[in-house]
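Written out below as structure tokens is the structure these notes cover.
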Amino acid sequence: MTEECWIPAGKAADLHEKGKLVFRKGGKQILVLQTGDRLFAVNNRCPHQGYPLSEGHMSDDCRLTCNWHNWKFDLDSGETVVGGDQLRSYAVKIEGEAILVDLADPDRTAAQSRALDNLYACFHRYEYDRMGRELARFKAAGGNYARAVGEMINRCYLQFEYGMSHAFAAAADWLALTEKYEAEGRDDAALVTALEAVSHFAWDSQRYDGFPYADRVEPFEAEKFLAAVEAENEAEAVALMNGALAEGLSYAELRPVLARAALAHYNDFGHSAIYVVKAGQLLDRIGADYLAPVLRTMVRSLVYARREDLIPEFRAYGPALEGWSQSGEALSVGELWAKPANRILEAIASSAMAEKELYQLLFAALVRNLLHFDTDLAARTRNKITDNVDWLDFTHGLTFSNAVRHLCEETPELWPQGLLQMACFAGRNAGYLDRDLDVTAWKVPEAAAFLAQAHDFLLDHGLPEPIVSCHILKTLLALEEEMAAFPGAGWTGEALAAFNRFLAIPVRRRHSLRTARQSLEFTAKE
Ligand code: FES
């Protein structure tokens, strides 16, 4: 409890006469209202957009209406009946001729908990601006943003029907920036990045009810867990993970097993491996208190992951893995770039080069893919559904590679899987390249200044869908990490140019005419 702080707020006679008065103290504006023998004191600034509630009107049942946008506040219960944010109220009394208002700050723990409740209340209707305000209130009450993200995960994770989404992966990266901006004293930038993290969870969960997880607990055994994931048996895989939680295993202890599950196939367009890495980084920031929801959503996404090595385009993956010999020739980027997946798979599986050298070659090929993406193909309106392609098909090659490096450095026996899956990525986009593109205009003269601009762009990107901004973020941070891991690498210039081009040419997120034409053509053959 905080100590009371009663302040004189005016004369009782004035209040009796007018029914309301406003007084100002320390930047606050307090509206005191009297109706019959009832007294109320509330923030005079409407919690919607700050217009004065003193210009509003009060009904007989003590509902105060803001006349600007009709928000209504029940002063008895403290609830907002129409609108969103709660109206701050204060204790008020009359002693003799004086009106006294208690300006003491509310108890910080209670204020944090209320802000978190209100933050989650915004999820249902994706109230972005209000989420910003509730996060600011949480912070002002002494909360930290990482905990707010953890608490939101706790509340919404059951709403993820297929488990982990990019919201989890992006939260790790956004919170890394939050931490950096807080250390630099940049409050606005810290709130932007925390809000990006939280609002992405709201976006991804908003239309869904709960999809509960199995409660059953089975003693954790790595091989049993891998078999359950392989058999797409969510209940069994979750029961085993519940066992791991009961035994107190940490994420770091479980990560090698999760990595094996993620790389057991060319999984889910690389999402599985990315999520295994990013979930660990996320937990490093939000803390192990949130291990259970993160692990359960991870397990579900592993179970539901599509296994793309089973489709014809990547059938060469299995034989390449089986025939992994590392006995052949050294390779160059030119020999890998713009080749179909089966050719690259064969070359990688039989090359005598060391894993890290192969990694860099493949990364260079993926960077070149991004640089040479033929963006005209994304704007077509007459193409087969199977040829729908856009920037994110290319950026994933880089973010997946970054995840592969993390996982394989920790568990080196996974290098063959990781490298061959990078080869799948390099090959899958070979048909969507403008090989003769003049890339001179995209060259970046000064890397540090360019990267700083890219970070600034992320603070005010103006993109409504979190999926787009999060891919810009994840690609940027993956590139920065890879450049730090391989200083002066030959692909650095192309990587910066590729990212420059990606930033400059917007991701097209709606294809109305293409969708209509494809729908007509597709269904006509049914
Ligand atoms: S400012 Fe009060 S309802 Fe909008």
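Out of all the residues in the range 60-75, is one or more outside any strand (DSSP E or B), among the hydroxyl-bearing types (Ser, Thr, Tyr) and either near the ligand (Cβ under 10 Å from one of its atoms) or exposed (fewer than 12 other Cβ atoms within 10 Å of the Cβ) (or both)? Looking through the range 60-75, none of the residues is outside any strand (DSSP E or B), among the hydroxyl-bearing types (Ser, Thr, Tyr) and either near the ligand (Cβ under 10 Å from one of its atoms) or exposed (fewer than 12 other Cβ atoms within 10 Å of the Cβ) (or both).
Quick grid of which residues meet (1) of a type in the set (Ser, Thr, Tyr); (2) surrounded by 16 or more Cβ atoms within 10 Å (Cβ to Cβ); (3) more than 20 Å from residue 401 (Cβ to Cβ):
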position	(1), (2), (3)
205	yes, yes, yes
220	no, yes, yes
235	no, no, yes
240	no, yes, yes
252	no, no, yes
257	no, yes, yes
261	no, yes, no
267	no, yes, no
285	no, yes, yes
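Could you please tell me which pairs satisfy a Cβ distance under 9 Å, a separation of 6+ or placement on different chains, a first residue in the range 162-187 that is free of Cβ contacts under 8 Å to residues at least 40 places away in the same chain and of a type in the set (Phe, Trp, Tyr), and a second residue that is outside any helix (DSSP H, G or I) and surrounded by fewer than 24 Cβ atoms within 10 Å (Cβ to Cβ)? Listed by first residue and then by second, the contacts come to 181/459. The condition of being at pLDDT 95 or above and surrounded by fewer than 17 Cβ atoms within 10 Å (Cβ to Cβ) does not hold for residue 335.
Among the helices (runs of 4 or more DSSP H) contained in the range 333-450, which hold 3 or more residues that are aromatic (Phe, Trp, Tyr)?
Details: elements: 333-336, 341-350, 355-371, 391-410, 415-428.
By residue number, 391-410.
Of everything in the range 24-33 that is modelled with pLDDT under 95 and surrounded by 12 or more Cβ atoms within 10 Å (Cβ to Cβ), the residue that is nearest to residue 130 (Cα to Cα) is 28. The residues of the range 8-41 that are of a type in the set (S, T, N, Q) and more than 19 Å from residue 95 (Cβ to Cβ), listed by number, are 29, 35.
Evaluate the range 397-411: report whether one residue or more is surrounded by fewer than 17 Cβ atoms within 10 Å (Cβ to Cβ), out of contact with any Cys (no Cβ under 7 Å at 6 or more places or on another chain) and closer than 22 Å to residue 491 by Cβ. Within the range 397-411, one or more residues are surrounded by fewer than 17 Cβ atoms within 10 Å (Cβ to Cβ), out of contact with any Cys (no Cβ under 7 Å at 6 or more places or on another chain) and closer than 22 Å to residue 491 by Cβ.
Within the range 1-54, the set of residues being within 16 Å of the ligand (Cβ to nearest atom) and either touching a Cys at 6+ places or on another chain (Cβ under 7 Å) or aliphatic (A, V, I, L, M) (or both) comprises 22, 31, 33, 42, 46, 48, 51, 53. Say whether the condition of being within 23 Å of the chain's Cα centre (by Cα) and without any contact (Cβ under 8 Å) to a residue 60 or more places away in the chain is met by at least one residue in the range 93-107. Looking through the range 93-107, none of the residues is within 23 Å of the chain's Cα centre (by Cα) and without any contact (Cβ under 8 Å) to a residue 60 or more places away in the chain.
Of these, 197, 273, which one is buried (at least 23 other Cβ atoms within 10 Å of the Cβ), closer than 24 Å to residue 414 by Cβ and modelled with pLDDT of 95 or more? It would help to see each step written out before you state the result.
Details: 197 fails: closer than 24 Å to residue 414 by Cβ.
Going through 197, 273 in turn, just one is buried (at least 23 other Cβ atoms within 10 Å of the Cβ), closer than 24 Å to residue 414 by Cβ and modelled with pLDDT of 95 or more: 273.
Residues in the range 505-526 that are free of Cβ contacts under 8 Å to residues at least 60 places away in the same chain and in a helix (DSSP H, G or I): 512, 515, 516, 519, 520, 521, 523, 524.
Scoring residue 91 on the criteria (1) out of contact with any strand residue (DSSP E or B) (no Cβ under 6 Å at 6 or more places or on another chain); (2) on the phi < 0 side of the Ramachandran plot; (3) away from the ligand (no atom under 16 Å from the Cβ) leaves a single failure, condition (1).
Has the range 424-432 got any residue that is surrounded by fewer than 22 Cβ atoms within 10 Å (Cβ to Cβ) and at pLDDT 95 or above? Yes: one or more hits.
When residue 109 is tested against (1) surrounded by fewer than 17 Cβ atoms within 10 Å (Cβ to Cβ); (2) within 16 Å of the ligand (Cβ to nearest atom), exactly one condition is not met: (2). Among the residues of the range 232-264, those identified as assigned to a loop (DSSP other than H, G, I, E, B) and either more than 21 Å from residue 216 (Cα to Cα) or free of Cβ contacts under 8 Å to residues at least 24 places away in the same chain (or both) are 248, 263, 264.
Number of residues in the range 300-330 that are touching a residue at least 40 places away in the same chain (Cβ under 8 Å), part of a loop (DSSP other than H, G, I, E, B) and surrounded by fewer than 21 Cβ atoms within 10 Å (Cβ to Cβ) equals 1. Scanning the range 128-141 turns up no residue that is over 21 Å from residue 459 (Cβ atoms) and either among the polar types (S, T, N, Q) or buried (at least 22 other Cβ atoms within 10 Å of the Cβ) (or both). Could we say that residue 451 is surrounded by fewer than 19 Cβ atoms within 10 Å (Cβ to Cβ), within 19 Å of residue 398 (Cα to Cα) and free of Cβ contacts under 8 Å to residues at least 60 places away in the same chain here? Yes; evaluated as a whole, the condition is true for this residue.
The values are calculated or read from the model by the stated rules, or taken from the named source; none is laboratory data. What you see is a predicted model, and the numbers here were worked out from it, not measured in a lab. Positions of Cβ are backbone-derived with ideal geometry, glycine not excepted, and every protein chain shown enters the neighbour counts.
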